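Q: Sharing a structure below in structure tokens format, with a few things to ask.
The values are calculated or read from the model by the stated rules, or taken from the named source; none is laboratory data. From a predicted model like this one, the values you see are computed outputs, not experimental measurements. When we count neighbours, we look across all protein chains shown, and the Cβ atoms used for this are built from the backbone with ideal geometry, even at glycine. For the accessible areas, the whole protein counts, side chains as well, though only heavy atoms, and no ligand, DNA or RNA atoms are used. Shrake-Rupley method; radii C 1.70, N 1.55, O 1.52, S 1.80 Å.
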Amino acid sequence: MKPTVSVLVPAAGSGRRLGRGPKALVKVGGRTLLEWVLAAFSWADEVLVALPAGVTPPGGGARYLEGGAERQESVARLLERAGGDVVLVHDAARPFVVPEVVERLLAAVGRGGAAVPVAEVPDTLIEPAEGRYGRAHDRHRYALVQTPQAFFREVLAEAHQLARARGTLATDEAQLVQALGYPVELVAGDRRMFKVTYPEDLVLAEALARTWRPGAAG
Ligand code: CTP
Ligand code: MG
């Protein structure tokens with residue numbers, strides 16, 4: 001039988017680097033970032049969204065709860081309420097979800113229980129040392145990690161339990177799953193799945209929104 005899919009959307013951040021927020025409610029192309037994400041996952045069995053305290057749930061077919069102080073806590077709260085065989089954790093700050101990437105993730109998660117999309121590092125990568133150039137790293141040895149990240153729900157739940165017991169705080173779920181000793185498969189991501197982080201990212205997002213049609217997958 002086809003596994004059921006829960007989409008968990010951490011959307012409780014403040015948007016400090018963007019300089020306005022809550023970021024999930026900032027609009028591009030006439031829709032909020034969150035609305036773009038909800039449209040992309042309309043095929044899922046359930047969608048759960050963590051919002052900042054005091055924000056009125058906008059509807060749109062999702063279930064809403066209050067997020068935590070850290071992204072990881074927001075995801076932990078979403079996970080407690082999820083019921084799917086597979087969970088896809090996706091940042092509200094990434095409005096453009098490429099269906100082919102989701103297809104690759106769902107295929108990979110079925111094989112091993114954990115899969116994340118990665119993109120190439122476009123620039124030269126260095127480790128500045130006291131304000132000077134420091135060590136240059138071979139960018140081909142590194143990758144940028146995107147979302148959605150796909151896991152068997154039970155694997156991610158165990159990873160969160162371990163993180164809580166150890167007091168680990170990570171910027172994504174894959175780190176927690178890997179800390180369990182679980183292999184995380186990489187699939188090709190897509191640069192259009194960038195995270196809206198800084199004000200200039202909105203300019204690019206506006207341009208993409210002009211032609212973007214949230215597609216089906218799953
Ligand atoms: N997030 C969350 N709960 C938090 C912090 C972040 O649900 N306590 C979510 C954000 O809403 C976002 C995703 O995690 O969809 C990625 O976080 P990020 O891009 O860092 O967003 P913000 O934390 O809002 O931005 P900033 O760090 O610039 O304040
Ligand atoms: Mg943040």
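Q: With respect to Glu130, is the statement that it is free of Cβ contacts under 8 Å to residues at least 12 places away in the same chain, over 22 Å from Pro214 (Cα atoms) and within 12 Å of ligand 1 (Cβ to nearest atom) true? If you could, list the steps in order and put the result at the bottom.
A: Working: free of Cβ contacts under 8 Å to residues at least 12 places away in the same chain: yes; over 22 Å from Pro214 (Cα atoms): yes; within 12 Å of ligand 1 (Cβ to nearest atom): no.
For Glu130, the condition - free of Cβ contacts under 8 Å to residues at least 12 places away in the same chain, over 22 Å from Pro214 (Cα atoms) and within 12 Å of ligand 1 (Cβ to nearest atom) - is not met.
Q: Of all residues being open to solvent by 10 Å² or more (accessible area, probe 1.4 Å) and β-branched (Val, Ile, Thr) in segment 107-130, which is nearest to Ala188 (Cα to Cα)? Just the residue, please.
A: Filtering segment 107-130 down to residues open to solvent by 10 Å² or more (accessible area, probe 1.4 Å) leaves 107, 110-112, 118-130.
Now restrict to residues that are β-branched (Val, Ile, Thr): 118, 121, 124, 126.
On the way: Val118: 6, Val121: 13, Thr124: 20, Ile126: 24 Å.
Ranking the candidates gives Val118 first.
Q: Return the only residue of Ala170, Ala115, Ala217 being away from ligand 2 (no atom under 16 Å from the Cβ) and at pLDDT 95 or above.
A: Numbers: Ala170 fails: away from ligand 2 (no atom under 16 Å from the Cβ); Ala217 fails: at pLDDT 95 or above.
Unique residue meeting the criteria: Ala115.
Q: Considering only residues that are part of a strand (DSSP E or B) and closer than 16 Å to Asp85 by Cβ, look in segment 124-154 and name the one that is nearest to the chain's Cα centre (by Cα).
A: The extreme case among them is Gln149.
Q: Return the residue satisfying two criteria in turn: it lies in segment 62-118 and is over 25 Å from Gly30 (Cβ atoms) and among the β-branched types (Val, Ile, Thr), and of such residues it is nearest to ligand 1 (Cβ to nearest atom).
A: So, considering only residues that are over 25 Å from Gly30 (Cβ atoms) and among the β-branched types (Val, Ile, Thr), the one nearest to ligand 1 (Cβ to nearest atom) is Val75.
Q: When only residues in segment 1-15 that are touching a residue at least 12 places away in the same chain (Cβ under 8 Å) and either open to solvent by 30 Å² or more (accessible area, probe 1.4 Å) or part of a helix (DSSP H, G or I) (or both) count, which is nearest to ligand 1 (Cβ to nearest atom)?
A: Ranking the qualifying residues of segment 1-15, first place goes to Gly13.
Q: Given (1) of a type in the set (Gly, Ala, Ser); (2) touching a residue at least 60 places away in the same chain (Cβ under 8 Å); (3) open to solvent by 10 Å² or more (accessible area, probe 1.4 Å); (4) assigned to a loop (DSSP other than H, G, I, E, B), where does Ala39 come up short, assuming only one miss?
A: Answer for Ala39: the failing condition is (4).
Q: Quick test for you: out of Leu18, Leu34, pick the one residue that is within 20 Å of Ala207 (Cα to Cα), within 16 Å of ligand 2 (Cβ to nearest atom), assigned to a helix (DSSP H, G or I) and open to solvent by less than 20 Å² (accessible area, probe 1.4 Å). Reasoning before the result, please.
A: Details: Leu18 fails: assigned to a helix (DSSP H, G or I).
When all the criteria are applied, what remains is Leu34.
Q: Right, another one. Output the number of residues of segment 155-173 satisfying the condition of being under 18 Å from the mean Cα position of the chain (by Cα) and farther than 13 Å from Arg71 by Cβ. Spell out the reasoning first.
A: As a first pass, look at segment 155-173 and keep what is under 18 Å from the mean Cα position of the chain (by Cα): 155-157, 159-160, 169-173.
Okay, now just the ones that are also farther than 13 Å from Arg71 by Cβ, so 155-157, 159.
Matching residues across segment 155-173 total 4.
Q: (1) in contact with a helix residue (DSSP H, G or I) (Cβ under 9 Å, 6 or more places away or on another chain); (2) open to solvent by 30 Å² or more (accessible area, probe 1.4 Å): which one isn't true of Arg71, the others all being true?
A: (1)
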